[in-house]
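The values are calculated or read from the model by the stated rules, or taken from the named source; none is laboratory data. Every value quoted in this text rests on a predicted model; they were computed, and no experiment measured them. Cβ coordinates were reconstructed from backbone atoms using ideal geometry, including for glycine residues, and neighbour counts include every protein chain displayed. Quick note on the areas: whole protein, heavy atoms, side chains included, nothing else; ligands and nucleic acids left out. Shrake-Rupley method; radii C 1.70, N 1.55, O 1.52, S 1.80 Å.
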Amino acid sequence: MRILAVESSCDETAVAIVEDGRRVLTDCIASQVDLHRIYGGVVPEIASRKHIEAIYKLAEQALSDANMTRGDIDAVAVTYAPGLIGAVLVGVNFAKALALALGKPLIPVHHIRGHIAANYLAFEELKPPFLCLVVSGGHTMIVDVQDYTKMEILGTTLDDAAGECFDKVARVLGMPYPGGAALDKASQDGDDTKYALPRSKPGSNPYDMSFSGLKTAALNLIHHAEQVGEELDINSLCASFSAAVSDTLVPRLVQALQQTGHKKLAVAGGVAANSRIRADVLQAAKELGVQTFMPPLSLCGDNAAMIGAQGYYEYLAGHTADMSLNAYATKSIIGEQL
Ligand code: KG4
Ligand code: ZN
């Protein structure tokens, strides 16, 4: 089954064609990052307008790259939640029109379920059940993936997402938006013990996390240094910050693995590209005898191939939509999807 998948929830317009949820025939992305960088973050209306301009051409490009015509498509999948609402609406409306014109099924896909499904593209052998650490710009959670469309959230951030914190700290350090990758790069030569930054303590749910205290501490440290004219060791600050984020995530992940008994662990989302988090997760899983799945960096960030992968399994589960499909700014990955 060949699914044309559309993703437009933030600042990347993307169209992919994926076969049977596992094989990427083509994966086209038009990034708006350079445009939003001028403003230091995503400007929602500009994002929507750029999606409108890009999406048709991108779909045509995807078909021609795959040597296919519209008639070769068996279904259309689309990110319908969560995201910048104006941006998601563009993709949803385009996908609806395409599905209607082709007379093919329309499959709504939750963006975060898509991030998890990026692992199916990278690892042919991976099948649920497994545990997944989801770390993106807007979400941070530990998910028990019981089946392709059945999952449970064990723990989540109670305030900021890890990606938001990376971006905020990077921005204050003068790094261009989105700063997570630049901060990661700067941390390579740093001493991760040089700056003492807080790690949130477990609350009533041991798997829940908090990052706002860490973010505030890092920002205060930077502002204080500016005020007193102290020169910061940026590389070491980035390394210390990355270590604190990882130390917040990994022990909870370890506990969740021990508690659930899962022997497979996957990571998902843009922040899963972070070198410190990847190294620490790998090490912890190795000590527990847990097999780790980490998609390549290209599949960690937003893309449409992951929507095509999850779309296949949503389709098999009977999760299709009619022409009344709407878009949602927020929605949980669990429970009824529409
Ligand atoms: O999953 P994603 O592409 O978009 C959302 O669904 O939010 O994640 C984007 C986030 C941004 O905050 C970006 O700075 C962060 O992922 N990111 C990183 C790295 N690469 C991307 N954060 C830390 N280290 C990285 N290497
Ligand atoms: Zn994403």
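Scanning the stretch 72-95 for residues that are touching a strand residue (DSSP E or B) at 6+ places or on another chain (Cβ under 7 Å) and of a type in the set (A, V, I, L, M) yields ILE73, ALA75, VAL76, ALA77, VAL78, ALA81, VAL88, VAL92, ALA95. Residues in the stretch 13-26 that are more than 15 Å from VAL109 (Cβ to Cβ) and within 16 Å of ligand 2 (Cβ to nearest atom): THR13 only.
Within the stretch 101-112, restricting attention to residues that are part of a strand (DSSP E or B) and either among the hydrophobic types (A, V, I, L, M, F, W, C) or farther than 17 Å from TYR313 by Cβ (or both), which residue is farthest from ligand 2 (Cβ to nearest atom)?
Taking the stretch 101-112 first, the residues part of a strand (DSSP E or B) are 106-110.
Next, only the ones that are either among the hydrophobic types (A, V, I, L, M, F, W, C) or farther than 17 Å from TYR313 by Cβ (or both) stay: 106-107, 109.
Values: LEU106: 21, ILE107: 18, VAL109: 12 Å.
Across the stretch 101-112, the extreme among qualifying residues is LEU106.
Pairs are defined by a Cβ separation below 7 Å, a sequence spacing of at least 6 or placement on different chains, a first member in the stretch 32-49 that is under 17 Å from GLY174 (Cα atoms), and a second member that is open to solvent by 90 Å² or more (accessible area, probe 1.4 Å); the pairs so defined are GLY40/ARG171.
Take the stretch 13-24 and flag every residue that is of a type outside the set (A, V, I, L, M, F, W, C) and either in a loop (DSSP other than H, G, I, E, B) or closer than 14 Å to LYS57 by Cα (or both). Show your work before the answer.
Applying the first criterion (of a type outside the set (A, V, I, L, M, F, W, C)) to the stretch 13-24 yields 13, 19-23.
Of everything in the stretch 13-24, those that are of a type outside the set (A, V, I, L, M, F, W, C) and either in a loop (DSSP other than H, G, I, E, B) or closer than 14 Å to LYS57 by Cα (or both) turn out to be THR13, ASP20, GLY21, ARG22.
Each row is one residue, and each column tells you yes or no for (1) near ligand 1 (Cβ under 10 Å from one of its atoms); (2) in contact with a strand residue (DSSP E or B) (Cβ under 9 Å, 6 or more places away or on another chain).
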site	(1), (2)
LEU265	no, yes
ALA268	yes, yes
ALA272	yes, yes
GLN283	no, no
GLY289	no, no
PRO296	no, no
ASN303	yes, yes
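If only one of LEU98, LEU63 is out of contact with any strand residue (DSSP E or B) (no Cβ under 6 Å at 6 or more places or on another chain) and assigned to a helix (DSSP H, G or I), which one is it? Give the steps one after another, and end with the answer.
Numbers: LEU98 fails: out of contact with any strand residue (DSSP E or B) (no Cβ under 6 Å at 6 or more places or on another chain).
Matching residue, one of LEU98, LEU63: LEU63.
ALA16 meets the conditions (1) farther than 21 Å from ASP167 by Cβ; (2) modelled with pLDDT under 95 in every case but one. The failed one is (2). Could you please let me know if GLY83 is within 16 Å of ligand 2 (Cβ to nearest atom) and assigned to a loop (DSSP other than H, G, I, E, B)? Here the answer is yes, as GLY83 does meet what is asked. Does LYS264 qualify as being open to solvent by 10 Å² or more (accessible area, probe 1.4 Å) and modelled with pLDDT under 95? No.
Does GLU7 satisfy the criteria of being under 16 Å from VAL90 (Cα atoms), acidic (Asp, Glu) and surrounded by 17 or more Cβ atoms within 10 Å (Cβ to Cβ)? Answer is yes for this residue. If we scan the stretch 133-149, do we find a residue that is more than 29 Å from GLY308 (Cα to Cα) and either in contact with a helix residue (DSSP H, G or I) (Cβ under 9 Å, 6 or more places away or on another chain) or assigned by TED's automatic domain parsing to the domain that holds GLY289 (or both)? No, every residue in the stretch 133-149 fails to be more than 29 Å from GLY308 (Cα to Cα) and either in contact with a helix residue (DSSP H, G or I) (Cβ under 9 Å, 6 or more places away or on another chain) or assigned by TED's automatic domain parsing to the domain that holds GLY289 (or both). Among the criteria (1) in a helix (DSSP H, G or I); (2) surrounded by 15 or more Cβ atoms within 10 Å (Cβ to Cβ), the one GLN283 does not fulfil is (2).
The residues on offer are ILE307, ILE277, and the sole one that is part of a helix (DSSP H, G or I), closer than 26 Å to ALA54 by Cβ and in contact (Cβ under 8 Å) with a residue 40 or more places away in the chain is ILE307.
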